[in-house]
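S.K.: Here it is: the structure, laid out below.
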Amino acid sequence: MQDIVNAGPGGLEPVEAGSLANNFLLQDVSADVVQALESVCHWVRAPEGSQIFDREDTATDVYFIVSGSVRVLDHAQSGQEVAFSDITAGEVFGELSAIDHGERSATVFAIEESVLAYVSDSEFSEFLTKHSEMSHRMMSHFVKTIRGLNSRVVGLSSMTSIQRVYAEILQMAEPDPSGNGNWMITAMPHHMEIAVWAGTTPETVARAIGQLLKSEIAKRRSRTLHIMDRQRLRDMVNAS
């Protein structure tokens with residue numbers, strides 16, 4: 001994972017206003033409402049690796065991702081970074097603090113260069129109050145987020161660190177296009193990247209992958225990891 005550059009709202013670069021028409025919250029509202037929201041937004045560019053906000057920030061603005069993507073993460077008591085989710089164009093983040101006016105619950109940084117629009121908590125709440133379509137979509141968004149986090153917490157708490165690494169590898173793998181029945185990861189991420197998602201260390205990731213190679217469950221050719229026995233890998237993830 002790239003180093004995070006502490007930018008914050010004041011360090012982000014202003015850009016010309018764009019469109020929020022593709023945001024999921026605005027799919028059922030009129031063009032006039034979309035334009036009204038766009039007119040009260042601040043538009044910025046977040047360079048790759050820049051921090052949007054820290055988990056202890058007290059600002060409560062809501063962000064709309066126009067292009068690019070961001071990552072939401074926190075730190076365990078050990079100091080290990082743990083990723084919660086990657087959020088892509090057409091989605092929002094920062095809405096929790098806008099609703100309860102509390103501190104941020106996680107740190108967010110740009111995975112790639114991104115264009116964002118942000119609005120104050122009061123203006124965001126006003127739009128939700130006036131337009132039930134947005135409120136309904138917001139509630140569905142919260143349900144989806146809670147379900148995803150519940151699954152993530154269970155995975156982090158019920159599996160060993162090695163099992164979590166294997167689970168991430170399974171999730172990243174895709175069928176080999178040659179049709180030989182194997183699976184593969186064509187551009188294997190760096191160990192640090194996998195460690196953030198698995199809630200462990202790069203050293204543990206290296207050890208876990210080494211075990212797969214030694215047992216011939218997987219083979220590595222350049223940056224491609226070939227999964228030779230996907231079922232055996234699944235069994236290792238699910239072992240009690």
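S.K.: Give the number of residues within segment 151-196 that are crowded, with 16+ Cβ neighbours inside 10 Å and among the small types (Gly, Ala, Ser).
M.R.: So the answer is 5.
S.K.: Kindly indicate which of Val165, Val196, Val205, Val153 is assigned by TED's automatic domain parsing to the domain that holds Glu81 and within 30 Å of Asp74 (Cβ to Cβ). Even if it seems obvious, please write down each step before you answer.
M.R.: Details: Val165 fails: assigned by TED's automatic domain parsing to the domain that holds Glu81; Val196 fails: assigned by TED's automatic domain parsing to the domain that holds Glu81; Val205 fails: assigned by TED's automatic domain parsing to the domain that holds Glu81.
Selected residue: Val153, the only one of Val165, Val196, Val205, Val153 that is assigned by TED's automatic domain parsing to the domain that holds Glu81 and within 30 Å of Asp74 (Cβ to Cβ).
S.K.: Follow-up question, since we're still on this one. Out of the strands (runs of 3 or more DSSP E) lying entirely within segment 34-134, which hold 1 or more residues that are aromatic (Phe, Trp, Tyr) and outside the structural domain of Gly199 (by TED's automatic domain parsing)?
M.R.: Per the criteria, 42-46, 50-53, 62-67, 81-88, 107-110, 114-119.
S.K.: Let me ask something else about it. Spot the failing condition for Tyr118; the list is (1) in contact with a Leu (Cβ under 8 Å, 6 or more places away or on another chain); (2) at pLDDT 90 or above; (3) aromatic (Phe, Trp, Tyr), and only one is missed.
M.R.: Every condition holds for Tyr118 apart from (1).
S.K.: Moving on. Any chance segment 186-194 includes a residue that's acidic (Asp, Glu) and outside any loop (DSSP other than H, G, I, E, B)?
M.R.: yes
S.K.: Now, a different point. What number of residues in segment 149-174 are in contact with a helix residue (DSSP H, G or I) (Cβ under 9 Å, 6 or more places away or on another chain), in a helix (DSSP H, G or I) and not polar (S, T, N, Q)? It would help to see each step written out before you state the result.
M.R.: Step one: filter segment 149-174 for residues in contact with a helix residue (DSSP H, G or I) (Cβ under 9 Å, 6 or more places away or on another chain), giving 155-156, 159, 161-173.
Subsequent filtering for residues that are in a helix (DSSP H, G or I) retains 155-156, 161-172.
Add one more test, that the residue is not polar (S, T, N, Q), and what stays is 155-156, 162, 164-170, 172.
Count: 11.
Every residue, every condition in (1) crowded, with 20+ Cβ neighbours inside 10 Å; (2) touching a Cys at 6+ places or on another chain (Cβ under 9 Å); (3) of a type outside the set (Gly, Ala, Ser), yes or no:
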residue: Val66; (1), (2), (3): yes, no, yes
residue: Val70; (1), (2), (3): yes, no, yes
residue: Glu81; (1), (2), (3): no, no, yes
residue: Gly94; (1), (2), (3): yes, no, no
residue: Glu103; (1), (2), (3): no, no, yes
residue: Ile111; (1), (2), (3): no, no, yes
residue: Ser135; (1), (2), (3): no, no, no
residue: His141; (1), (2), (3): no, no, yes
residue: Leu149; (1), (2), (3): no, no, yes
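The values are calculated or read from the model by the stated rules, or taken from the named source; none is laboratory data. As the structure is a prediction and not an experimental result, all values here were calculated from the model. As a convention, Cβ positions derive from the backbone with ideal geometry for all residues, glycine included, and neighbour counts pool all protein chains shown.
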